[in-house]
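*Asks:* Below you'll find the structure I mean.
The values are calculated or read from the model by the stated rules, or taken from the named source; none is laboratory data. All values reported here derive from a predicted model rather than from experimental measurement. Cβ: placed from backbone, ideal geometry, glycine included. Neighbour counts: every protein chain shown. Quick note on the areas: whole protein, heavy atoms, side chains included, nothing else; ligands and nucleic acids left out. Shrake-Rupley method; radii C 1.70, N 1.55, O 1.52, S 1.80 Å.
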Amino acid sequence: MKYDHAKIEKKWQKEWTKHPELCAADDKSDKPKQYILDMFPYPSGDGLHIGHVEGYTASDIMSRYARLCGKNVLHPQGWDAFGLPAENFAIKTKVHPAATTKKAIATFKKQMNMLGFSYDWSREVNSSDPEYYKWTQWFFLLLYKNGLAYKKKGKVNWCDNCQTVLANEQAEGGVCDRCSNEVVQKDLEQWYFSITKFIEPSEARSSERQRRCGDAKDGRITSGLLEGLEKLDWPDSTKAAQKNWIGKSEGAQFRLPVILSPKGEESKRSFAGAQDDNLFLEVFTTRLDTVFGMSFALIAPEHELVQKLKSQISNWSEVEKYIALAKKKTDLQRQTEAKEKTGVELEGVKVKNPFTKQAIPLFASDFVLAHYGTGAVMAVPAHDERDFEFAKKFKLPINFVILNEAKRNEESKNRSFAGAQDDEAFVEDGILTNSGEYDGLTSEKAREKIAKWLEKEGIGKKVINYKLRDWLVSRQRYWGAPIPIIYCDKCGEIPVPEEDLPVRLPDDVDFMPTGESPLAKSKKFQDVKCPECGGPARREADTMDTFVCSSWYYLRYSDNKNDKEFASKEMLKKWLPVDLYIGGAEHVVLHLLYARFFTKVLHKLGYINFDEPFLKLRHQGIILAEDGTKMSKSKGNVVNPDDVVKEYGADALRMFEMFMGPLEDMKPWNTKGIVGIVRFLERVWNLYHKADLTDCGEGCKDVPEGMPQLLHKTIKKVTEDIENLRFNTAISQMMIFINFIIRFNVMPRGAAQAFLILLAPFAPHMAEELWSSFAPASAKASAGKNASEDKSEEKDSESIFKQSWPKFNPAMVKDETIQMPVQINGKVRAILTVPADISEDEAKKLSMSDINIIKWLEGKEPKKVIFVKGKLVNIVV
RNA sequence: GCCGCGGUGGCGGAAUCGGCUUACGCGUGCGACUCAAAAUCGCAUGGUCUCACGACCGUGUGGGUUCAAGUCCCACCCGCGGCACCA
């Protein structure tokens, strides 16, 4: 019989849909749970691509394996349906995004079934479904009520051509991705979530929390986003990227008094101004040890102090011009034009270095970021590259105050080293000099001491700064979850009462871009009665960032039909946290950080008893096109899974993607390579159809020598490799087994069954088909509806996915004899076949009497003979 | 620039604790089967030198540790990914 993949795949897919219990997560079972999750896809019109298949196959293997091992597995799938791509597509085609999304979901689902993924579809979620976004809105209110959602003016990307706000991802390179128009920065009032409050651990103490989380002890700590990373089994690169993104830096903040010159006296040389005790410049630094080298200060052009000092600045028109220029630049432009430093001195004003007591000039410069630290910095050109560059350009003094320790040791003997002649900044730690009482201290010690001094004087303190900023969640877009806030002229900003959720997204709104939030154009949507006073009010017209929807979807799968809570406490406790999460690395600092933030909020507020959502995370690597470049529609090098399945079958595609290399590696597609897997599957097929399945046991003389050992080795290797997600080597071990056994025409039935179970997670259709034809004769005979039959036999006649994962016998995986290399000076000169447990004396004796070894030794006496048990002998001459 | 990951045949990749480099697969060559081809099966397949036996070299480069290094240490080169004027 020929292997007809199309026929058997179709057959079993149909059969499996009749038995949803094969994939179902059981809420009532007390078997150990395993939550294996894929990142839910955005259902695009293009359908599933080869990269999805990689990650989903990996998680499917893990899920099927876990079920075979007797675990109660939750393996759900859903749709990240809201978002800009769907809306942009709708704008282009003028078809409502709800319609295109619905169609795309149908396609995705069909493709997933075509690939044999064992999802529990009864738990499907769709973020654009009101039953779902009702809870997205509920989360918004939860954050709002706990002071974690707030409105504030902020800079956003704006495209004048499309008349709309763009997400950062939509404005890459400073250009609108829809029309290639230049993006400008606009100040708009926006909603934010206080993610920065969760960077460091926080204590949960509310009695509210105690009430909700029955088993929680008061005062329990919710780990922070930063240190919470440490206990997670995540890729190092991902942890590093999040750490980097959060960007913690420890330093100090202190005040530089502002000195005003008497009007009309602007001579730069003799500056004898008056100090105004109420005016000061606050700066942040991580290099407090360098303060004695501060020879000027820098301030962001947007800084409010600049405006405050307006009347004192004698070159105001020049300064004003510079500010206007800086404002026009977007952040992106600032970056790309970073090569040359620009700036303007605020003439007529100076600041005082509180350490040297000197008056030093103050410059506005756009390389100082208004939103980081205090928006102003002390400049120490001798020990900071940027300050150095700036000082060179503006001919400002460069005072070295840190000695290069290493260099000093080198040069100390004859010269007194005073680094001032260096023509570049020395940015490392060293020993202080020209720093008054701090001379001779190491940088580290000096920072401590100087910080103490600042505190004593009351002009500064130690401070920690982070790069992470609060999460801007409002979008002036249509296709998203409406923000559940109402504005009343009398009562102000009012949250929508919980019982009024969901705030439904109207489906009759003109979503073509005009510059307004599309929802603002719908009177029907906007006009509402104030929930407080009943007076006229209007709804918030912005929708939420789609990343809000995806920050909690993994919780919903545990209890997706609950209309009283986002999920019941009981189900959350049963299924969460996620044991294994597989998905692309592109959302490392967005989705994966936001989801952690949500989890921490819920933990702190007492809704859940865990504070990290994803215990183990793995990324699937990108699959490149055959030419080693990225697959892209425009290049026409995209591999379509439908075509591959049609030609080679779903089992072949699944296995090939797993065989190509380590899951996390980036690897090129190779259409020729898939035939290797096809050949393997055909060989398995033919073997089961041709070979004698003997019912005699492993010790039986019909069984080829070495076969039982190889079977047990294979069970061991495949089991361990699956557990480590090393599917490529698991498959190669299965190949080794088949390559061996195919030379004989005999296989014990037990081995034949065990192998099929090993194969089942990888090639479920073929395994199921072969299982149904080659289950034991006894089981087949009893496959009727006889309820009184022996249970184990009855089980054999059922789906292969109801069987148990085979166990290996440790005694069987040990080799009795080994090929032991004998080396002379580390070079292999002979290979001896010896018992695996050969003794040192025996091994040495055997080695020394080997003809090749005798030849190579040429009669020389060995200096030393190394013996590694079970490994080798090395003779040193 | 900083952080993270990597560099092994013609190609994708294997290689517990340092212990036979190149498992498995693709490709290629030769052979069997065939009128022939495809498919299938068998054998071979790192490089150099050699008629050959065989020898020497070989995991990005240069050093080092070790009886023994793809693996450990130092310095460097290259590639990929993330962050980036973050004070």
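*Asks:* Within the set of pairs 6 or more residues apart or between chains, which connect a residue that is at negative phi and of a type in the set (F, W, Y) inside region A:720-738 to a residue that is in a loop (DSSP other than H, G, I, E, B) and more than 8 Å from RNA strand B (Cβ to nearest atom) with Cβ atoms less than 8 Å apart?
*Replies:* As it stands, the answer is A:F727/A:L663; A:F727/A:F762, since those pairs meet every condition given.
*Asks:* Which one is least open to solvent (accessible area, probe 1.4 Å) among residues in region A:814-844 that are among the charged types (D, E, K, R) and under 24 Å from A:K716 (Cβ atoms)? It would help to see each step written out before you state the result.
*Replies:* We begin by selecting, within region A:814-844, every residue among the charged types (D, E, K, R); these are A:814-816, A:827, A:829, A:837, A:840-842, A:844.
Narrowing further to those that are under 24 Å from A:K716 (Cβ atoms): A:814-816, A:837.
Numbers: A:K814: 150, A:D815: 79, A:E816: 146, A:D837: 112 Å².
Here the answer is A:D815.
*Asks:* Okay, moving on. Give the residues of region A:853-864 that are near RNA strand B (Cβ under 9 Å from one of its atoms) and either of a type in the set (A, V, I, L, M) or loosely packed, with under 15 Cβ neighbours inside 10 Å (or both), sorted by residue number. Write out each step before concluding.
*Replies:* Within region A:853-864, the subset near RNA strand B (Cβ under 9 Å from one of its atoms) is A:855-856, A:863-864.
Correct list: A:K855, A:K863, A:K864.
*Asks:* Just to be sure before I move on: is A:V349 on the phi < 0 side of the Ramachandran plot and either within 15 Å of RNA strand B (Cβ to nearest atom) or modelled with pLDDT under 90 (or both) in the structure I sent? Give the steps one after another, and end with the answer.
*Replies:* Details: on the phi < 0 side of the Ramachandran plot: yes; either within 15 Å of RNA strand B (Cβ to nearest atom) or modelled with pLDDT under 90 (or both): no.
Judged against the criteria, A:V349 is not a match.
*Asks:* Among the residues of region A:384-398, write down those that are near RNA strand B (Cβ under 9 Å from one of its atoms) and crowded, with 21+ Cβ neighbours inside 10 Å.
*Replies:* If we filter region A:384-398 for residues that are near RNA strand B (Cβ under 9 Å from one of its atoms), which is where we start, we get A:384-387, A:389-390.
Residues satisfying the conditions are A:D384, A:D387, A:F390.
*Asks:* Let me ask you something else. Evaluate region A:684-697: report whether one residue or more is open to solvent by 30 Å² or more (accessible area, probe 1.4 Å) and without any contact (Cβ under 8 Å) to a residue 40 or more places away in the chain.
*Replies:* There is no residue in region A:684-697 that is open to solvent by 30 Å² or more (accessible area, probe 1.4 Å) and without any contact (Cβ under 8 Å) to a residue 40 or more places away in the chain.
*Asks:* So which residues in region A:435-453 are open to solvent by less than 40 Å² (accessible area, probe 1.4 Å) and more than 13 Å from A:T285 (Cα to Cα), if there are any at all? Reasoning before the result, please.
*Replies:* Step one: filter region A:435-453 for residues open to solvent by less than 40 Å² (accessible area, probe 1.4 Å), giving A:435, A:438, A:441, A:443, A:446, A:450-451.
Result: A:S435, A:Y438, A:L441, A:S443, A:A446.
*Asks:* Restricting attention to region A:282-319, and to residues there that are open to solvent by 40 Å² or more (accessible area, probe 1.4 Å), touching a residue at least 24 places away in the same chain (Cβ under 8 Å) and part of a helix (DSSP H, G or I), which single residue is farthest from A:S365 (Cα to Cα)?
*Replies:* A:Q312
*Asks:* Also, I was wondering about something else. Based on what the data block shows, is A:F547 hydrophobic (A, V, I, L, M, F, W, C) and farther than 23 Å from A:A25 by Cα?
*Replies:* Details: hydrophobic (A, V, I, L, M, F, W, C): yes; farther than 23 Å from A:A25 by Cα: yes.
Yes, satisfied.
*Asks:* Is one or more of the residues making up region A:673-683 open to solvent by 40 Å² or more (accessible area, probe 1.4 Å), under 18 Å from A:M1 (Cα atoms), part of a helix (DSSP H, G or I) and free of Cβ contacts under 8 Å to residues at least 12 places away in the same chain?
*Replies:* Step one: list which residues in region A:673-683 are open to solvent by 40 Å² or more (accessible area, probe 1.4 Å), which gives A:675, A:679, A:682-683.
In the following step, the residues that additionally are under 18 Å from A:M1 (Cα atoms) were identified as A:679, A:682-683.
From what's left, part of a helix (DSSP H, G or I): A:679, A:682-683.
Cutting the leftovers down to free of Cβ contacts under 8 Å to residues at least 12 places away in the same chain gives us A:679.
The answer is yes; a qualifying residue exists.
*Asks:* Inside region A:118-137, can you point out the residues that are in a helix (DSSP H, G or I) and surrounded by fewer than 18 Cβ atoms within 10 Å (Cβ to Cβ)?
*Replies:* Of all residues in region A:118-137, those in a helix (DSSP H, G or I) come to A:121-123, A:130-137.
Residues satisfying the conditions are A:W121, A:S122, A:P130, A:E131.
*Asks:* Let me ask you something else. Which of the residues belonging to region A:608-639 are of a type in the set (K, R) and crowded, with 20+ Cβ neighbours inside 10 Å? Give the derivation first.
*Replies:* Keep residues of region A:608-639 that are of a type in the set (K, R), which gives A:616, A:618, A:630, A:633, A:635.
Hit for region A:608-639 is A:R618, nothing else.
*Asks:* Is there a residue in region A:593-600 that is within 15 Å of RNA strand B (Cβ to nearest atom), open to solvent by less than 50 Å² (accessible area, probe 1.4 Å) and farther than 29 Å from A:M735 by Cα? Working first, answer last.
*Replies:* Our first condition is that a residue be within 15 Å of RNA strand B (Cβ to nearest atom); within region A:593-600, this holds for A:593-594.
Applying the additional criterion that residues be open to solvent by less than 50 Å² (accessible area, probe 1.4 Å) yields A:593-594.
Subsequent filtering for residues that are farther than 29 Å from A:M735 by Cα retains A:593-594.
Yes, some residue in region A:593-600 is within 15 Å of RNA strand B (Cβ to nearest atom), open to solvent by less than 50 Å² (accessible area, probe 1.4 Å) and farther than 29 Å from A:M735 by Cα.
*Asks:* Enumerate the pairs (first residue in region A:433-448 and without any contact (Cβ under 8 Å) to a residue 40 or more places away in the chain; second residue anywhere and in a loop (DSSP other than H, G, I, E, B) and loosely packed, with under 14 Cβ neighbours inside 10 Å) with beta-carbon separation below 8 Å, excluding pairs fewer than 6 apart on the same chain, so at least 6 apart or on different chains.
*Replies:* A:T433/A:A418; A:T433/A:G440
*Asks:* Which one of A:I722, A:I757, A:I741, A:I715 is hydrophobic (A, V, I, L, M, F, W, C), modelled with pLDDT of 95 or more, surrounded by 18 or more Cβ atoms within 10 Å (Cβ to Cβ) and farther than 18 Å from A:S118 by Cβ?
*Replies:* On the way: A:I722 fails: farther than 18 Å from A:S118 by Cβ; A:I757 fails: farther than 18 Å from A:S118 by Cβ; A:I741 fails: modelled with pLDDT of 95 or more.
When all the criteria are applied, what remains is A:I715.
*Asks:* Please verify whether region A:69-85 includes one or more residues that are at pLDDT below 95, assigned to a helix (DSSP H, G or I) and over 24 Å from A:A763 (Cβ atoms).
*Replies:* yes
*Asks:* Among the residues of region A:507-563, which ones are surrounded by 16 or more Cβ atoms within 10 Å (Cβ to Cβ) and small (G, A, S)? Step through it out loud before you land on a result.
*Replies:* Keep residues of region A:507-563 that are surrounded by 16 or more Cβ atoms within 10 Å (Cβ to Cβ), which gives A:509, A:511, A:513, A:517-522, A:525-526, A:528, A:530-531, A:537-560.
If the condition is that a residue be surrounded by 16 or more Cβ atoms within 10 Å (Cβ to Cβ) and small (G, A, S), then A:S517, A:A520, A:S522, A:A537, A:A541, A:S550, A:S551, A:S558 are the ones that fit.
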